[in-house]
Each structure stands twice: as structure tokens, then as C-alpha cells.
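The values are calculated or read from the model by the stated rules, or taken from the named source; none is laboratory data. No experiment lies behind these values; they were computed from the predicted model shown. Note that each Cβ is placed from the backbone with ideal geometry, even for glycine, and that neighbours are counted across all protein chains shown. Heavy atoms of the whole protein, side chains included, go into the accessibility calculation; ligands, DNA and RNA do not. Shrake-Rupley method; radii C 1.70, N 1.55, O 1.52, S 1.80 Å.
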Amino acid sequence: SQQGEEDPQALSIQEGENATMNCSYKTSINNLQWYRQNSGRGLVHLILIRSNEREKHSGRLRVTLDTSKKSSSLLITASRAADTASYFCATDRSGNTPLVFGKGTRLSVIA
Amino acid sequence: NAGVTQTPKFQVLKTGQSMTLQCAQDMNHNSMYWYRQDPGMGLRLIYYSASEGTTDKGEVPNGYNVSRLNKREFSLRLESAAPSQTSVYFCASSSGPFSYEQYFGPGTRLTVT
């Protein structure tokens, strides 16, 4: 069963613009992770945010977590054509429960 | 370091045939996973091995078996393939279970006719 649901399902922006995608989940979580998947490739880990953290940065990525709303957002600033990919959120409810992935947001960055 | 490797990359099977998907990691990770990815469905966990010598069912284990051969290798077996098992299969590993970041292989695209 899907725990996380990404929104929007697809997003198309111009190079240089910011891209924001959201993830909502249903039950309390331990950690939330974001992954990127380029077409035809495996997933690549981007960032992990713990349930007691509210914001995290990594390069051009900014992740926020609002546990009261059971939601997270991933912001990619100054997007590039190479950012074109699908982005997935994944949550675990505790250290002993499997990671559950959402269905992903397909991001297209047009040069 | 090769990371996580999977063989084969592509496979076509007829209904009822069997096959084994191979996965190996060279990062000395304790935990390994098998997922399947279907269009519009995200990734679903088939089986996992939290540590060498243990395996457990995930969300969609029916029709599959696994073997954690040693710390490096984790194989997935389809005993009698069905068209519903047409999918892309990903192996992943992590240093610890679940709360840790996972490293994915390139995937195996399987078609069952």
C-alpha cells in the first residue's frame, strides 16, 4: 500500500525556474527520504529528513517536513535540463518497518 | 566500486518458465531488498534481507522466492512466471535496515508472455 503520495503527478518548467513537489503521507513516520530516478535507471538517494527536523538543505535542494500536516516538500532551485527525472518520496514508520515509496512526480525541465 | 549490480538487464520469459535474478553489492551493506516497479505504481517491496542469514516478505511476495547467498549477494527467483510479473525489478542495499538511505541497481526489465 502506498504511504506517500506525490503532488503534482507531472510538472513542466523552464530552465532556471524553481520546481516544487509535495509528498503527503497517512501515518506517523520515523524518517522521510527523497529519491530521483532518471529514465530507465535505478533510483538515487537525494536527502533524508528525520521526523524531528523541519528543514534540510543539500546544494540546490531544500526539503521541508510538516509532521502536523503529514506532508513534505522538495524544492529544486535554479533547475537545469539535467534535473529532468521522476522524484519519489519514501517513508518508514519506525526503524523496523520497510520503506514505502510514493508514485512519484515526473519533472520536465525545458532548456 | 561498482555499487549494486544486477543481471540480466533484460529478459523475456514464457508463462510457466522459471528464472533467477541476480544482485550483488560491494559496499559491505547489511541489508538488501528486491522491489518491482510498474507504470504509475511507484516501487513495491517484494522481499528483503535485513542482515545476512535472514529474509522477510514485503508487500508483494506471492510468486517469488529469495536467497541471501552471502553478505554480498541476494537473488530473486520466479518459479513459474506469469504475465502479471511483467515489470522492472530493482535490487537495493543499505548499511542498516529501512531508516538508512538505499542504493539501487540499474534494474532488470522482465517481460512474461
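Some notes on this structure:
- Relative contact order (%) - criterion: Cα under 8 Å, at least six apart; region: chain A: 39
- Area projected by the alpha carbon convex hull of the protein assembly as shown, averaged over all directions, nm²: 11.9
- Efficiency of FRET between A:LYS26 and A:ARG54 - r from beta-carbon atoms, R0 22 angstrom, step 0.05: 0.65
- Anchor A:LYS103: lysines whose Cα lies under 18 Å away (excluding residues fewer than 8 positions away in-chain): A:LYS26, A:LYS70
- In sequence order, calculated HN-Hα J values of segment B:6-21 (Karplus, 6.51, -1.76, 1.60; Hz; x Gly/Pro): 10, 9, x, 7, 9, 7, 10, 10, 8, 3, x, 6, 10, 6, 10, 8
- J(HN,Hα) series, segment B:60-65, from Karplus relation 6.51 cos²θ - 1.76 cosθ + 1.60, nearest Hz, glycine and proline x: 10, x, 4, x, 10, 9
- Distance between modelled label sites at B:LYS9 and B:SER95, nm, 7 Å Cα→Cβ extension: 3.1
- Nearest-20 debye value, the protein assembly as shown charge dipole, Cβ charges on Lys, Arg, Asp, Glu: 160
- Pairwise FRET efficiency - A:SER68 versus B:MET19, Cβ, R0 = 41 Å, nearest 0.05: 0.30
- Student exercise, chain B dipole from Lys, Arg, Asp, Glu Cβ charges, in Debye to nearest 20: 260
- Hydrodynamic radius of chain B per Kirkwood, over alpha carbon pairs, in Å: 13.8
- Using C-alpha pairs below 8 Å separated by at least 6 residues, the relative contact order for chain B is 36 percent.
- Averaged over the residues of A:86-92, the number of partner chain Cβ atoms lying within 10 Å of the residue Cβ comes to 2.
- Where B meets A: accessible area buried, both sides, 1.4 Å probe, Å²: 1600
- Tensor-based shape of segment B:1-66 (alpha-carbon gyration tensor, a/c under 1.5 rounded, otherwise prolate or oblate): prolate
- Here is the size of chain A from its Cα atoms: Rg then Dmax, 13.3, 43 Å.
- Modelled this way, with points 7 Å down the Cα-to-C-beta line, the labels at A:ASP7 and B:ALA82 are 3.5 nm from one another.
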